[in-house]
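Colleague: Quick one: the structure is below, questions incoming.
The values are calculated or read from the model by the stated rules, or taken from the named source; none is laboratory data. None of the values given here were measured: they were computed from a predicted structure. Positions of Cβ are generated from backbone atoms using ideal geometry, with glycine treated the same way; all protein chains shown enter the neighbour counts.
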(Lines give C-alpha, C1' and ligand atoms only; values in the text may rest on other atoms or scores of the structure.)
Protein backbone atom coordinates (compact mmCIF):
# COMPACT_ATOMS: atom_id res chain seq x y z
CA UNK A 1 0.00 0.00 0.00
CA UNK A 2 1.11 3.56 -0.63
CA UNK A 3 1.67 5.95 2.21
CA UNK A 4 -1.28 8.14 3.12
CA UNK A 5 1.19 10.99 3.71
CA UNK A 6 1.38 13.63 0.99
CA UNK A 7 5.08 14.09 1.73
CA UNK A 8 6.56 10.60 1.47
CA UNK A 9 5.62 7.98 -1.10
CA UNK A 10 6.16 4.33 -0.20
CA UNK A 11 6.09 1.32 -2.51
CA UNK A 12 7.72 2.93 -5.51
CA UNK A 13 7.98 0.53 -8.42
CA UNK A 14 10.95 -0.22 -10.62
CA UNK A 15 10.61 -2.01 -13.95
CA UNK A 16 13.78 -3.57 -15.31
CA UNK A 17 13.25 -4.63 -18.91
CA UNK A 18 16.63 -6.31 -19.26
CA UNK A 19 17.09 -10.07 -19.51
CA UNK A 20 17.83 -10.26 -15.80
CA UNK A 21 14.19 -9.70 -14.88
CA UNK A 22 11.17 -10.93 -16.80
CA UNK A 23 8.54 -9.13 -14.73
CA UNK A 24 8.16 -5.83 -12.84
CA UNK A 25 10.07 -5.65 -9.58
CA UNK A 26 8.65 -3.58 -6.73
CA UNK A 27 10.96 -1.80 -4.35
CA UNK A 28 10.12 -0.08 -1.06
CA UNK A 29 11.61 3.36 -1.48
CA UNK A 30 10.97 6.70 0.20
CA UNK A 31 11.25 9.89 -1.78
CA UNK A 32 12.91 12.85 -0.16
CA UNK A 33 10.56 15.28 -1.88
CA UNK A 34 6.76 15.38 -2.08
CA UNK A 35 4.78 14.45 -5.11
CA UNK A 36 4.45 17.66 -7.07
CA UNK A 37 1.17 19.35 -7.79
CA UNK A 38 2.28 21.96 -10.31
CA UNK A 39 -0.17 24.76 -11.00
CA UNK A 40 -0.12 26.61 -14.33
CA UNK A 41 -2.86 29.17 -13.83
CA UNK A 42 -2.77 32.06 -16.27
CA UNK A 43 -1.20 35.26 -15.02
CA UNK A 44 -3.41 38.19 -14.17
CA UNK A 45 -3.09 41.65 -12.67
CA UNK A 46 -5.65 40.48 -10.14
CA UNK A 47 -3.94 38.20 -7.62
CA UNK A 48 -7.27 36.60 -6.79
CA UNK A 49 -8.13 35.88 -10.42
CA UNK A 50 -7.09 32.22 -10.43
CA UNK A 51 -9.14 31.49 -7.31
CA UNK A 52 -12.28 32.43 -9.27
CA UNK A 53 -11.56 30.03 -12.11
CA UNK A 54 -12.81 26.45 -12.28
CA UNK A 55 -10.02 24.11 -11.19
CA UNK A 56 -8.87 21.20 -13.33
CA UNK A 57 -6.72 18.29 -12.19
CA UNK A 58 -4.35 17.06 -14.93
CA UNK A 59 -3.09 13.46 -14.95
CA UNK A 60 -0.16 12.45 -17.16
CA UNK A 61 0.45 9.27 -19.12
CA UNK A 62 2.79 6.38 -18.36
CA UNK A 63 6.50 7.24 -18.57
CA UNK A 64 5.63 10.91 -18.03
CA UNK A 65 5.41 13.22 -15.01
CA UNK A 66 3.48 16.35 -14.10
CA UNK A 67 6.20 18.56 -15.59
CA UNK A 68 6.68 16.45 -18.72
CA UNK A 69 2.95 16.36 -19.47
CA UNK A 70 2.61 20.09 -18.91
CA UNK A 71 5.49 20.82 -21.27
CA UNK A 72 4.28 18.43 -23.98
CA UNK A 73 0.86 20.07 -24.14
CA UNK A 74 2.16 23.63 -23.72
CA UNK A 75 0.27 24.89 -26.78
CA UNK A 76 -3.04 23.61 -25.44
CA UNK A 77 -2.19 24.39 -21.81
CA UNK A 78 -1.64 28.08 -22.41
CA UNK A 79 -5.06 28.44 -24.04
CA UNK A 80 -6.90 26.34 -21.47
CA UNK A 81 -5.22 28.18 -18.59
CA UNK A 82 -6.78 31.45 -19.71
CA UNK A 83 -10.10 30.21 -18.34
CA UNK A 84 -9.11 27.48 -15.88
CA UNK A 85 -6.75 26.88 -12.99
CA UNK A 86 -4.72 23.82 -14.01
CA UNK A 87 -2.98 21.52 -11.52
CA UNK A 88 -0.63 18.80 -12.80
CA UNK A 89 -0.09 15.89 -10.40
CA UNK A 90 2.83 13.44 -10.42
CA UNK A 91 1.97 9.75 -10.50
CA UNK A 92 3.06 7.71 -7.45
CA UNK A 93 5.16 5.07 -9.22
CA UNK A 94 8.68 5.76 -10.47
CA UNK A 95 9.49 3.40 -13.33
CA UNK A 96 13.19 4.19 -13.65
CA UNK A 97 15.10 4.88 -10.41
CA UNK A 98 17.50 7.24 -12.17
CA UNK A 99 14.68 9.23 -13.78
CA UNK A 100 11.90 10.60 -11.58
CA UNK A 101 10.11 11.94 -14.67
CA UNK A 102 9.27 8.39 -15.79
CA UNK A 103 6.18 7.67 -13.71
CA UNK A 104 2.96 5.68 -13.78
CA UNK A 105 -0.32 5.36 -11.93
CA UNK A 106 -0.31 1.54 -11.92
CA UNK A 107 1.61 -1.37 -13.44
CA UNK A 108 0.79 -3.89 -16.15
CA UNK A 109 1.95 -7.43 -15.42
CA UNK A 110 3.10 -10.05 -17.91
CA UNK A 111 -0.28 -11.79 -17.91
CA UNK A 112 -1.97 -8.56 -19.02
CA UNK A 113 -3.53 -7.76 -15.64
CA UNK A 114 -2.84 -4.57 -13.72
CA UNK A 115 -1.63 -4.07 -10.18
CA UNK A 116 -1.51 -1.12 -7.74
CA UNK A 117 -4.72 0.28 -9.25
CA UNK A 118 -6.56 0.79 -5.98
CA UNK A 119 -3.46 2.45 -4.55
CA UNK A 120 -3.61 4.97 -7.41
CA UNK A 121 -7.14 5.99 -6.40
CA UNK A 122 -6.10 6.28 -2.76
CA UNK A 123 -3.07 8.33 -3.72
CA UNK A 124 -5.11 10.83 -5.75
CA UNK A 125 -7.65 11.09 -2.94
CA UNK A 126 -4.88 11.86 -0.45
CA UNK A 127 -3.07 14.35 -2.67
CA UNK A 128 -6.27 16.28 -3.44
CA UNK A 129 -7.99 16.08 -0.05
CA UNK A 130 -7.59 19.81 0.61
CA UNK A 131 -8.71 20.88 -2.87
CA UNK A 132 -11.89 20.79 -4.90
CA UNK A 133 -11.71 20.17 -8.62
CA UNK A 134 -14.33 20.93 -11.23
CA UNK A 135 -12.88 18.71 -13.96
CA UNK A 136 -10.12 16.22 -14.73
CA UNK A 137 -7.95 16.11 -17.84
CA UNK A 138 -6.01 12.91 -18.47
CA UNK A 139 -3.73 11.47 -21.13
CA UNK A 140 -3.34 7.73 -21.83
CA UNK A 141 -3.14 5.93 -18.46
CA UNK A 142 -4.05 9.22 -16.78
CA UNK A 143 -7.15 9.44 -18.96
CA UNK A 144 -8.26 5.98 -17.88
CA UNK A 145 -7.77 7.01 -14.26
CA UNK A 146 -9.66 10.28 -14.82
CA UNK A 147 -12.66 8.43 -16.26
CA UNK A 148 -12.73 5.84 -13.51
CA UNK A 149 -12.26 8.48 -10.81
CA UNK A 150 -15.43 10.17 -12.06
CA UNK A 151 -17.38 6.98 -11.37
CA UNK A 152 -15.77 6.37 -7.98
CA UNK A 153 -17.02 9.49 -6.18
CA UNK A 154 -13.52 10.18 -4.84
CA UNK A 155 -13.73 13.69 -6.33
CA UNK A 156 -17.47 14.41 -6.00
CA UNK A 157 -17.28 18.01 -7.26
CA UNK A 158 -16.02 17.02 -10.71
CA UNK A 159 -18.42 18.04 -13.48
CA UNK A 160 -16.45 17.15 -16.62
CA UNK A 161 -13.82 14.67 -17.84
CA UNK A 162 -11.55 15.20 -20.84
CA UNK A 163 -9.20 12.45 -22.04
CA UNK A 164 -6.90 11.65 -24.96
CA UNK A 165 -5.42 8.31 -25.98
CA UNK A 166 -6.94 6.51 -23.01
CA UNK A 167 -7.51 2.73 -23.00
CA UNK A 168 -10.12 0.74 -21.14
CA UNK A 169 -8.56 -0.99 -18.12
CA UNK A 170 -11.10 -3.30 -16.39
CA UNK A 171 -9.37 -3.16 -13.00
CA UNK A 172 -9.78 0.62 -12.86
CA UNK A 173 -13.55 0.33 -13.17
CA UNK A 174 -13.67 -2.52 -10.67
CA UNK A 175 -11.93 -0.26 -8.15
CA UNK A 176 -14.24 2.63 -9.07
CA UNK A 177 -17.30 0.48 -8.38
CA UNK A 178 -15.88 -0.66 -5.04
CA UNK A 179 -15.12 2.91 -3.98
CA UNK A 180 -18.47 4.23 -5.18
CA UNK A 181 -20.21 1.75 -2.90
CA UNK A 182 -18.37 3.22 0.09
CA UNK A 183 -19.24 6.86 -0.73
CA UNK A 184 -22.35 8.36 0.88
CA UNK A 185 -24.95 9.66 -1.57
CA UNK A 186 -23.01 8.33 -4.55
CA UNK A 187 -23.30 5.54 -7.09
CA UNK A 188 -21.49 4.46 -10.23
CA UNK A 189 -24.47 5.74 -12.23
CA UNK A 190 -23.99 9.19 -10.69
CA UNK A 191 -20.46 9.17 -12.07
CA UNK A 192 -21.56 7.81 -15.43
CA UNK A 193 -23.83 10.85 -15.80
CA UNK A 194 -20.85 13.24 -15.63
CA UNK A 195 -20.16 14.54 -19.18
CA UNK A 196 -17.00 13.17 -20.77
CA UNK A 197 -15.04 14.08 -23.90
CA UNK A 198 -12.72 11.36 -25.22
CA UNK A 199 -10.18 11.97 -27.99
CA UNK A 200 -8.54 9.09 -29.86
CA UNK A 201 -5.87 9.11 -32.56
CA UNK A 202 -6.61 7.56 -35.94
CA UNK A 203 -2.96 6.46 -36.24
CA UNK A 204 -2.40 5.63 -32.56
CA UNK A 205 -0.24 2.49 -32.51
CA UNK A 206 -0.41 2.13 -28.72
CA UNK A 207 -4.11 2.51 -27.93
CA UNK A 208 -6.57 1.32 -30.57
CA UNK A 209 -9.81 3.13 -31.33
CA UNK A 210 -11.74 0.08 -30.13
CA UNK A 211 -9.89 0.16 -26.82
CA UNK A 212 -10.94 3.76 -26.26
CA UNK A 213 -14.49 2.97 -27.38
CA UNK A 214 -14.64 0.44 -24.54
CA UNK A 215 -13.56 3.21 -22.17
CA UNK A 216 -16.31 5.46 -23.50
CA UNK A 217 -18.91 2.74 -22.95
CA UNK A 218 -17.73 2.01 -19.40
CA UNK A 219 -17.46 5.69 -18.47
CA UNK A 220 -20.90 6.69 -19.69
CA UNK A 221 -22.19 9.98 -21.12
CA UNK A 222 -19.15 10.45 -23.34
CA UNK A 223 -18.42 12.02 -26.70
CA UNK A 224 -15.94 10.05 -28.84
CA UNK A 225 -13.80 12.19 -31.13
CA UNK A 226 -11.24 10.73 -33.54
CA UNK A 227 -8.38 13.01 -34.58
CA UNK A 228 -5.91 12.50 -37.40
CA UNK A 229 -2.78 12.04 -35.26
CA UNK A 230 -1.30 9.26 -33.13
CA UNK A 231 -0.76 8.61 -29.41
CA UNK A 232 -0.69 12.15 -28.08
CA UNK A 233 -2.72 14.88 -26.43
CA UNK A 234 -3.76 17.10 -29.36
CA UNK A 235 -2.50 20.67 -29.34
CA UNK A 236 -3.62 21.83 -32.79
CA UNK A 237 -5.91 24.85 -32.67
CA UNK A 238 -9.02 23.13 -34.03
CA UNK A 239 -8.82 20.34 -31.46
CA UNK A 240 -8.08 22.70 -28.59
CA UNK A 241 -11.14 24.72 -29.58
CA UNK A 242 -13.24 21.54 -29.34
CA UNK A 243 -11.86 20.94 -25.86
CA UNK A 244 -12.56 24.50 -24.80
CA UNK A 245 -16.10 24.33 -26.18
CA UNK A 246 -16.73 21.17 -24.17
CA UNK A 247 -15.20 22.49 -20.94
CA UNK A 248 -16.92 25.85 -21.33
CA UNK A 249 -20.29 24.22 -21.83
CA UNK A 250 -19.95 22.20 -18.65
CA UNK A 251 -17.95 24.48 -16.34
CA UNK A 252 -18.61 28.06 -17.43
CA UNK A 253 -22.12 28.02 -18.89
CA UNK A 254 -23.43 25.89 -16.01
CA UNK A 255 -22.05 27.93 -13.11
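Colleague: Name the pairs: first residue in region 224-242 and part of a helix (DSSP H, G or I), second residue at pLDDT 95 or above and surrounded by 15 or more Cβ atoms within 10 Å (Cβ to Cβ), Cβ to Cβ under 6 Å, at least 6 apart or on different chains?
Modeller: What qualifies is 239/227; 240/76; 240/79.
Colleague: Return yes or no: is residue 53 in contact with a strand residue (DSSP E or B) (Cβ under 6 Å, 6 or more places away or on another chain) and either at pLDDT below 95 or surrounded by fewer than 23 Cβ atoms within 10 Å (Cβ to Cβ) (or both)?
Modeller: Values: in contact with a strand residue (DSSP E or B) (Cβ under 6 Å, 6 or more places away or on another chain): yes; either at pLDDT below 95 or surrounded by fewer than 23 Cβ atoms within 10 Å (Cβ to Cβ) (or both): yes.
So residue 53 passes the test.
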